[in-house]
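Contents: one structure, followed by commentary.
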Amino acid sequence: MATNEAKTGPDTEALFTQLAEPFGPSEIKWRVTHTTHDGTRGAVIAFADPRAYTDRLNQLFTPSGWTRNYDVTTVSAVSRQKRDKLIQTGKVLVTCTLTIVRLGTHSGSGEQWADEQNAMTSAEAQAFKRAASCFGLGRYLYNLPEAWVDLDCQGKPTRLPALPNWALPKANSATGKTNPACGPRPPEVQRGPIDQRITGKIEGFRRILGDPIYGEILWRVARTRKANAIPNAQLQATVAEAMERASRGIRKAQSLAESIGDTQFVSVLDRLHIGSMTTISNLEALKHLVSELEGLAGQPAA
């Protein structure tokens, strides 16, 4: 969120444009988010190391032209399922406030399980990058859809997806350097025939997932708020697959809720600040809910 207002003008607009310039391909890394049941294929998303963000800020504003401050809190006595075992752990919660001379101040938040390796570093990096994205820095990475690739026996991609042209820095043919006046361009989505049956199928997921998760998937995958605005059948199918994965999470949560009983289930919902199964705020909250329920379902009856 913004905490102070910067004056706008040609110079500041140019700085915002330079901040929004994509990183070089060598600075982009890929993370496996989920896999098929047999582990041979996985979905990967793109991200950049925090050093790429600090390098850009130092290049444009010098190290003395920007600052960041962290506010750290912890949550203890939290149960989670990890490698089929219920463990007692906690969470590290970090808020990063990023101030850039002439452009203002924004903040972002990050979190990580306390038992994970480098939990503090991960939460700080997440908070810093989210604050930076409010200025446009690295924000284009959110427009890159997940891609499915083959995985090796260690669960690592055997090949990496190619970045689209709009996610590459604009090269200046005369100097070989990036042109700071050129910011990232949104992907040009090809419009084509759509399948009305898939539109109806997608719209049917709203009742199962609830408005927040339904809207999140539509926006993350297709950059739209309405099922009938998805521009082509291929993207429709991708959205439907994502909706189906999320609905499996909902069904799993419902099944686990039945196994632990209403009292414990309501207690979990209260602890996670979830009003009902159709008001879960996002996919990450659904993931946390399933994890909590799995932990309780794995405990012996009292």
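Using a Förster radius of 45 Å, what is the FRET efficiency between D49 and E203 based on their Cβ-Cβ separation? Nearest 0.05, please.
Numbers: r = 39 Å, r/R0 = 0.87.
Calculated value: 0.70.
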Taking the Cα atoms only, what angle lies between the long axis of helix 262-271 and the longest principal axis of the chain, rounded to 10 degrees?
20
Mind pulling the angle between the C-alpha long axis of helix 233-260 and the longest principal axis of the chain? Nearest 10 degrees, somewhere in 0 to 90.
40
Report the semi-axes of the equivalent ellipsoid for region 1-156 in whole Å, largest first, where each axis is √(5λ) for an eigenvalue λ of the Cα gyration tensor.
32, 22, 11
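Under a point-charge model restricted to the Cβ atoms of Lys and Arg (+1) and Asp and Glu (-1), what is the dipole moment magnitude of the chain relative to its Cα centre, in debye to the nearest 20?
Working: 36 positive and 30 negative charges, 104 e Å.
That gives the chain a dipole magnitude of about 500 debye.
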State which entries of K85/K156; K226/K287; K82/K287; K226/K252; K91/K287 exceed 20 angstrom in Cα-Cα distance in the structure shown.
K85/K156; K226/K287; K226/K252
Hey, what angle do you get for helix 283-297 against the long axis of the chain, alpha-carbon based, 0 to 90 degrees rounded to 10?
30
Run down the aspartates and glutamates and flag those whose C-alpha is under 17 Å from the C-alpha of K201, throwing out any fewer than 8 positions away in its chain.
D211, E216, E241, E244
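So if we plug the beta-carbon distance of L163 and Q117 into 1/(1 + (r/R0)^6) with R0 = 25 Å, what FRET efficiency do we get, rounded to 0.05? The partial results should precede the final answer.
Details: r = 29 Å, r/R0 = 1.14.
Given R0 = 25 Å and the Cβ-Cβ separation, E is 0.30.
Out of the trypsin sites (Lys or Arg not before Pro) in region 64-98, which ones are loop residues according to DSSP with at most 11 other C-beta atoms within 10 Å?
Working: sites: R68, R80, K82, R83, K85, K91; in loops: R83.
Within region 64-98, the qualifying trypsin sites (Lys or Arg not before Pro) (loop, at most 11 other Cβ atoms within 10 Å) are R83.
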Tell me which aspartates and glutamates have Cα within less than 19 Å of K29's Cα, excluding those fewer than 8 residues away on the same chain?
E21, D49, D55, E124, E146, D150, D152
In nm, the gap between the two label points placed 7 Å beyond Cα toward Cβ at S259 and D71 is 4.0
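Take the Cα gyration tensor of region 114-174, multiply each eigenvalue by 5, square-root it, and list the three semi-axes largest first, rounded to whole angstrom. Please list the in-between numbers first.
On the way: eigenvalues 131, 105, 20 Å².
For region 114-174, the ellipsoid semi-axes come out as 26, 23, 10 Å.
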Springs between alpha-carbon pairs under 10 angstrom, Gaussian network model over the chain: which of E244, E258, E21 fluctuates most?
E258
Given the rule -39500 (n - 2.57) for each run of at least 4 DSSP H residues, summed and divided by the residues of the chain, what is its mean residue ellipticity at 222 nm, to the nearest 500 deg cm²/dmol?
-12500 deg cm²/dmol
Give the Kirkwood hydrodynamic radius (Å, one decimal) of region 197-270, defined as one over the mean of 1/r across all pairs of different Cα atoms.
13.2
Cα-projected label distance for R83 with C134, points at 7 Å along beta-carbon direction, nm
3.8
How many nm separate the modelled label positions at S247 and S64, each set 7 Å beyond the Cα in the direction of the Cβ?
6.0
Binning at 20 angstrom from zero up to the longest distance, how are the C-alpha pair distances of the chain distributed in percent?
26, 58, 16, 0
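None of the figures in this text is laboratory data; all of them are computed from the coordinates on show. These figures come from a predicted structure and were not determined experimentally. No Cβ is skipped: glycine too gets one built from the backbone with ideal geometry, and neighbour counts run over all protein chains shown.
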